[in-house]
There are 2 protein chains.
Amino acid sequence: MARTKIKDILLSDKTDYTVNVKGWVRSFRNNQFIALNDGSTINNVQVVITLDTDEAITKRITTGASISVDGTVIASLGKGQKVEIKADNITILGDCDTDKFPLQLKNRPSLEYLREIAHLRFRTSTFGAIFRVRHSLAFAVHQFFNDRGFVYLHTPIITASDAEGAGEMFRVSTLPTENPPRNEDGSIDYKEDFFGRCTNLTVSGQLEAELGAMAFSEVYTFGPTFRAENSNTARHLAEFWMIEPEVAFNDITDNMDLAEDFIRYIIGYAMQHNREDLEFLAQRLVDEEKQKPMNERSELGLIEKLEFVLNNKFERITYTEAVDILLNSPANKKKKFQYEVKWGVDLQSEHERYLVEKHFKKPVIVTDYPKDIKSFYMRQNDDGKTVAAMDILAPGIGEIVGGSQREERLDKLEQRMKEMHIPADEMYWYMDTRKFGTVPHAGFGLGFERMVLFVTGMTNIRDVIPFPRTPKNAEF
Amino acid sequence: MARTKIKDILLSDKTDYTVNVKGWVRSFRNNQFIALNDGSTINNVQVVITLDTDEAITKRITTGASISVDGTVIASLGKGQKVEIKADNITILGDCDTDKFPLQLKNRPSLEYLREIAHLRFRTSTFGAIFRVRHSLAFAVHQFFNDRGFVYLHTPIITASDAEGAGEMFRVSTLPTENPPRNEDGSIDYKEDFFGRCTNLTVSGQLEAELGAMAFSEVYTFGPTFRAENSNTARHLAEFWMIEPEVAFNDITDNMDLAEDFIRYIIGYAMQHNREDLEFLAQRLVDEEKQKPMNERSELGLIEKLEFVLNNKFERITYTEAVDILLNSPANKKKKFQYEVKWGVDLQSEHERYLVEKHFKKPVIVTDYPKDIKSFYMRQNDDGKTVAAMDILAPGIGEIVGGSQREERLDKLEQRMKEMHIPADEMYWYMDTRKFGTVPHAGFGLGFERMVLFVTGMTNIRDVIPFPRTPKNAEF
């Protein structure tokens, strides 16, 4: 008999039919009631076994064990469930030694401990919910762009170009480490390396996405990106997934509209498809925050926060306006900022949080940053001082999107690259798009894990990617 | 006025409405007829300009230039199109110097030449079609698994484990190359490296996907994988995308059924959504094959080949049966095989092609390979000699899927790892899934680019990924 998913059984009101279910035992009460989970939903189905079931079987029904159940779906008399399964036959698929099973702990295991057993944490309700939500968000990304006619472009992971000067990169090589081939001057001879040159892991697919946008008009990437920064924080990963749409003919306003529509769409999708997971995570957050002082707790519950984002336009201000707000803020006057607020200097995390969490109390799009703190490819504004950049800042997360209109004017781009010492000859392919039918265009990057953090209400980015890569950690 | 996509204009019979279109000029005839493309479709829209248009504008309407057109959609009198646009106003967005534009060649540029200008080849009809089809196939992958309740799992790219012993790997490091830190014995001190150990780029997400399947029952990966093999062939890339579903409770037959359903679904999706692109590619293939001798041409056209796969079950044979067929084949008797056919030795490409292209003339699933030529994690059959492996072989491509039922029995797995010198202690996390509620399960990997090759009828894998990575080549 073919397996039926527990989700499908629980979603239906139908009773009095036979099924086969398979899954892992979450608990076994009174030698009679099994809570069985197969990962298709956060909810367990209750399996009721007859009291005359062979003890050789019942003693093997332990938390973590896998079983196959043939039975009949019947109306449940218990509360919290409409239906349950009366077992006719139970087969043990895999035993689980409760003394050794790390998830068989009397006390609720901490998130820190679960990180150490990331290979097993999927089986907890919390991580089940997180990764089902992550799945839905990822699917929604593809659905959103596909519906709008964007072409999904797989930009290269291994690259010889340092797209943004975005910081430290991981080197990719097959040269022997102990005794690599050297040039006459003693330097490493990368001509002997696999790709015949020095290569790194990409920090962004943007520049290659721009090449695609110059033919397909609308493209997006969704792939892994890398930063070899020694940042051991709750917001940084060395390996993370990024989504980068790039659209020909869009200006910075179109770009902001697209980003807002996109963020609302994927949050709305998860709200629609993962309501039970999100409600569980909302309760988890409430429980976690009980340990915090009142004034540090979230003002809105998780569901309310997501609904708020769905129903309210993001605030849009220029960098110059943001600096004015910060300079005139009570926080600044009381000298509560660690870093100075000053036009021309990048906003620090504390400043962004003030704008988003204290001043506007909603997501904020900051535009038109000073050109000297932004990348060479951003379009120069007429004031000669700023560029058409945009950052989206989210409550509790900080920067979740960074984007810009791109400099499509060859002369302006060349001049800026010269000023910023970007080697134009190595990037002839990028310049070519400005030579042959250049068009205004714009795009942005969204850090996928930060979005998953925002939607799940988790606070450590290591808890929203299956197997996090961070300094000194590449386990599993 | 907001831009309308050319695809939407051409798809509709509607006329007599004003539009704005933007795109790149493919050709300009008689100072009057512009063929304009914006990448949304393989078809160009014809823009008709009035003969009194300012010469300052018309002389800038060159192949490759980008323009914006305000005009009226009218019924077309020309053949091959239902509608065209009567231009009211034309703005030049970006000029294109025809003397320097590499795609402004009188002769049709070769695929080899277009590979050198991969940053511009998206603008040709051939590569426009290929990458729209690639997009559709990728979207169909997600749609297929999402519809069936699979969880998309982002397995790690940087890894410390050599999953399959699948061959040469790329090392990932931030250690200084010139003078790396060394241990007392002179060896490199990887404890000083970013992750505190030696790390590589993944060759497969399977083992981590198995961890997910042990909680969610159905998971899949779709991400980049890497091989540092010095294979300069038309079928190998150093960086390619792979799809790896993994399903708890599935046996090898379920696995074959899933793979067949999956392949048919994504081909069917492209047939439905990219008919014009595929028809163009079919004609391209016919033109290309005209240069070949009759007996080397494809028996079926591209569309017919895809329809054949949609409408016919794949042949399923065991490795042992395959060897018998090959031993008894006319090709073998006439000593046409370069490599010996012998039970226990892996099938060579020539053998696979014989089975698929000459003997069965359809995709073939070969199962139950000798255990000694397959990976440690494949489930051992009762005969003691073979494992529950399956390879799917496709005409013109060779192996497109490799999969197996996994060894879920701890004792059998440990014994096999010992025999094959796989370090069990480093893989404690993999073994844990067999200790705590193990279940039968199965999965497979599909090389995405090989699938794109199959569907587009292209013959070199470098032509179906945006920016191919191959030995001595990491351009763009």
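The values are calculated or read from the model by the stated rules, or taken from the named source; none is laboratory data. Bear in mind that the values here come from a model prediction, so they are computed numbers and not experimental data. Positions of Cβ are generated from backbone atoms using ideal geometry, with glycine treated the same way; all protein chains shown enter the neighbour counts. When the accessible area is computed, the model is the full protein with side chains, heavy atoms only, and any ligands, DNA or RNA have been set aside. Shrake-Rupley method; radii C 1.70, N 1.55, O 1.52, S 1.80 Å.
Quick notes on this one:
- Kirkwood's formula applied to the C-alpha pairs of region A:187-328 gives a hydrodynamic radius of 19.6 angstrom.
- Rounded tilt (10° steps) of A:302-311 against the dominant C-alpha axis of chain A: 50 degrees
- Shown for B:T91: label points 7 Å from Cα along the beta-carbon vector, and their distances to the equivalent points in the other copies, 6.9 nm in ascending order.
- Filtered trypsin sites (Lys or Arg not before Pro), region A:229-306: DSSP coil and at most 15 other beta carbons within 10 Å: A:K290, A:R297
- Counting only residues at least eight positions apart within a chain, or on another chain, the lysines with an alpha carbon under 18 Å from that of A:K472 are B:K191.
- Sites counted here are GluC sites (Glu not before Pro) in a DSSP loop (not H, G, I, E or B) having no more than 12 other Cβ atoms within 10 Å; the longest part of chain A that contains none of them is A:1-177.
- Note on A:K292: lysines with a C-alpha under 28 Å away, same-chain residues under 8 apart excluded, are A:K106, A:K305, A:K333, A:K334, A:K335, A:K336, A:K358, A:K361, A:K362.
- The separation of region A:327-342 from region A:172-208, counted between C-alpha centres, amounts to 46 Å.
- Distance from region A:406-476 to region A:71-130 (C-alpha centre basis), Å: 41 Å
- Residues losing 40 Å² or more accessible surface upon assembly, region A:423-464, compared with the chain by itself, 1.4 Å: A:Y428, A:W429, A:F436, A:G437
- Counting only residues at least eight positions apart within a chain, or on another chain, the aspartates and glutamates with an alpha carbon under 12 Å from that of A:K374 are A:E164, A:D346, A:D391.
- For region B:6-102, the number of Lys pairs separated by eight or more positions or lying on different chains, with C-alpha atoms closer than 15 Å, is 5.
- Comparing the full protein assembly with the isolated chain (1.4 Å probe, heavy atoms, ligands and nucleic acids excluded), the residues of region A:82-104 losing at least 40 square angstrom of accessible area are A:L93.
- Residue of chain A with the Cβ closest to the rotation axis carrying A onto B, and that distance rounded to whole Å: A:H142, 2.
- Surface analysis of region A:397-476 yields an accessible area of 29 Å² per residue, using protein heavy atoms and a 1.4 Å probe.
- Rolling a 1.4 Å probe over the protein chains gives B:I85 an accessible area of about 0 Å².
- Using a 7 Å Cα-to-Cβ projection, B:K14 label spacings across copies, nm, ascending: 4.2
- For the pair A and B, total buried accessible area rounded to nearest 100 Å², probe 1.4 Å: 9000 Å²
- Per residue accessible area in Å² of region A:6-102, where ligands, DNA and RNA are left out and the probe is 1.4 Å: 48 Å²
- Helix-derived mean residue ellipticity, 222 nm - over chain B, DSSP H n ≥ 4, -39500 (n - 2.57), to 500: -9000 deg cm²/dmol
- Ordered by 1.4 Å accessible area with all protein chains kept, B:M431, A:M169 run largest first as A:M169, B:M431.
- Taking the accessible area of region A:6-102, probe 1.4 Å, and keeping the other protein chains in place, the carbon and sulfur fraction comes to 47%.
- The H on the amide N of A:G23, modeled in the peptide plane, is under 5 Å from the matching H of A:I67, each at least 5 residues off or on a different chain.
- Once all protein chains are placed together, A:L310 keeps about 50 Å² accessible to a 1.4 angstrom probe.
- The phi-based Karplus calculation (6.51 cos²θ - 1.76 cosθ + 1.60; θ = phi - 60°) puts the 3J(HN,Hα) values of region B:383-392 at 6, x, 10, 10, 10, 7, 8, 8, 10, 9 Hz, whole numbers, x for Gly and Pro.
- A 1.4 Å probe run over the protein chains yields, for region A:194-240, 21 Å² of accessible area per residue, whole-number rounding.
- Of A:T91, A:T41, A:T53, the residue with the largest accessible area leads and the full order is A:T91, A:T53, A:T41 (1.4 Å probe).
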